[in-house]
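The values are calculated or read from the model by the stated rules, or taken from the named source; none is laboratory data. Small disclaimer: the values here were computed from a predicted structure and weren't measured. FYI the Cβ positions are ideal-geometry reconstructions off the backbone, even for glycines, and counts take in every protein chain you see. To get the accessible areas, we keep the full protein, side chains included, count just its heavy atoms, and leave off ligands, DNA and RNA. Shrake-Rupley method; radii C 1.70, N 1.55, O 1.52, S 1.80 Å.
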Amino acid sequence: MKLQQLRYIWEVAHHDLNVSATAQSLFTSQPGISKQIRLLEDELGLEVFARSGKHLTRITPGGETIIREAGEILRRVEGIKKIAQEFSNQRKGELSIATTHTQARYALPPVIRNFIEEYPDVSLHMHQGTPMQISEMAASGAVDFAIATEAMELFNDLIMMPCYKWNRCIIVPRDHPLVQLPELTLEALAEFPLVTYVFGFTGRSKLDEAFQSRGLTPRVVFTAADADVIKTYVRLGLGVGIIASMAYDRQADHDLVALDASKLFQPSVTRIGFRKGTFLRGYMYEFIRQFAPHLTKERVDEAVAHQGHRSEIEALFRDVELPTY
């Protein structure tokens, strides 16, 4: 059994059983991958993949378990490499982050800039996706960190720590009737078509909960994952926009009015998460601290010691006053 063979079955499984696409991503040949997979199956006496002619059709039940174990082994190997790199050159390496558009566009830029200035020899890779995709990438070990507001609690393999609180604002053209109201209410909002985030994105669940608690059914006519897209369609007159407050830029969005909605909705908490068993290099601790200053190395290590038990980790930060965006 070779490490290369384990990597091949793992990659094929995560390329929708497309051996050709796997070969391209690994810069090798399709026949070479197929041969190594066959050799591994012969050695194990078990088919990892079911076939129809030359095509892989599904992962066998035994193959599911083998691929899961192969993933663990590959992650351990990467951990060993990180340990060696940490002792050979503490300021050189790679860091991969998965996050949403809102975080990447509005919360992370100053952190990224400062981090790159301090660690110019660390290659930083950012991946964007839905909160579910982001959490899956971190849980599988495809990225080092996930930064998101939604979905991470669904993954037991992640150690999650709170970074900051944020709330929403209502964005409308300057001549909109809502601007004239002495007090903004959910009832007033419910009278207008709404443009906001796709469900499962950027604290959308808190928005829905607020309307439901008042027995209101909001008329959501357009959803998007990107706050900038939402603002575009508000400008087109499609409806009233509800976005994260941090996504309103006074200069760039001077044609729109932002109405504070913090009294209407419960604040959301953005968290940073990484897979249990991840070896954190020195610059990884530093990235976390720069993004969330209260997450010192000591606090992160304490959270790791609790093995991701959410109630215990939440208790660690119960008395911490999270910054608000």
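Accessible surface of Met137, taken over heavy atoms with a 1.4 Å probe and every protein chain present, rounds to 40 Å².
When Lys92, Lys263 are compared by accessible area at a 1.4 angstrom probe, the order from most to least is Lys263, Lys92. With 0.36 nm allotted per residue and the present C-alpha distance subtracted, the Glu94-Tyr325 stretch has 80.3 nm of extension available. Mean projected area of the convex hull spanned by the Cα atoms of the range 1-48, taken over all viewing directions: 2.9 nm².
Here the range 219-263 is scanned for amide nitrogen atoms under 14 Å from the site 7 Å beyond the Cα of Glu183 along Cα-to-Cβ, giving 263.
Would you mind calculating the gained length between Ser52 and Thr223 on full extension (0.36 nm times residue separation, minus the Cα-Cα distance), in nm to one decimal?
Numbers: separation 171, 0.36 × 171 = 61.56 nm, distance 4.10 nm.
That pair, Ser52 and Thr223, stretches by 57.5 nm at full extension.
Counting lysine pairs in the chain whose alpha carbons fall under 29 angstrom apart, excluding pairs fewer than 8 residues apart on the same chain, gives 26. Between Asn114 and Leu316, the FRET efficiency estimated from the beta carbon spacing at R0 = 25 angstrom works out to 0.45. With Cα atoms defining each centre, the range 178-248 and the range 31-84 are spaced 46 Å apart in the structure.
As an exercise, find the ratio Rg/Rh for the chain from alpha-carbon atoms, using the Kirkwood inverse-distance average for Rh.
Details: Rg = 23.3 Å, Rh = 22.3 Å.
Result: Rg/Rh = 1.04.
Charge dipole (Cα centre; +1 on Lys/Arg Cβ, -1 on Asp/Glu Cβ; no other charges) of the range 14-63 amounts to roughly 160 debye.
Provide the net charge surrounding Leu124, with neighbours chosen by a C-beta distance below 14 Å and charges set as Lys +1, Arg +1, Asp -1, Glu -1.
Numbers: positive: Arg91, Lys92, Arg113, Arg281; negative: Glu94, Glu117, Glu118, Asp121, Asp144, Glu286.
So the environment of Leu124 carries a net charge of -2.
With every protein chain in place and a 1.4 angstrom probe, the accessible-area ranking of Glu117, Glu150, largest first, reads Glu117, Glu150.
With a Förster radius of 35 Å applied to the beta-carbon distance between Ile73 and Gln290, the computed FRET efficiency rounds to 0.60. Ile112 sits with roughly 30 Å² accessible to a 1.4 Å probe, with DNA, RNA and ligands left out of the calculation. Arg7 exposes around 70 Å² of accessible area when a 1.4 Å probe is run over every protein chain in place.
Histogrammed with a bin width of 5 Å, the alpha carbon distances of the range 26-69 distribute as 5, 21, 27, 29, 15, 2 percent, first bin at zero. The distance between label points at Asp16 and Leu216 comes to 4.1 nm (points 7 Å beyond Cα on the Cα→Cβ vector).
Using the Cβ-Cβ distance between Arg235 and Val198 with R0 = 22 Å, the FRET efficiency computed as 1/(1 + (r/R0)^6) comes to roughly 0.70.
If the viscosity is 1.002 mPa s and the temperature 20 °C, what Stokes-Einstein diffusion coefficient in µm²/s follows for the range 210-313 when Rh is the Kirkwood radius over Cα pairs? After rounding, the answer is 123 µm²/s.
Summing charges over neighbours of Gln4, with a neighbour being any other residue whose Cβ is under 12 Å away from its Cβ, gives +2 when K and R count +1 and D and E count -1. Over all other residues within a Cβ to Cβ distance under 13 Å of Ile134, the charged ones net out to -2, with Lys and Arg as +1 and Asp and Glu as -1.
Dipole size of the chain about its Cα centre, with +1 on Lys/Arg Cβ and -1 on Asp/Glu Cβ: approximately 480 debye, rounded to the nearest 20. Hydrodynamic radius of the range 10-162 by the Kirkwood approach over all distinct alpha-carbon pairs: 17.9 Å. With each label modelled as a point 7 angstrom along the Cα→C-beta vector, the Asp249-Glu64 pair spans 4.6 nm.
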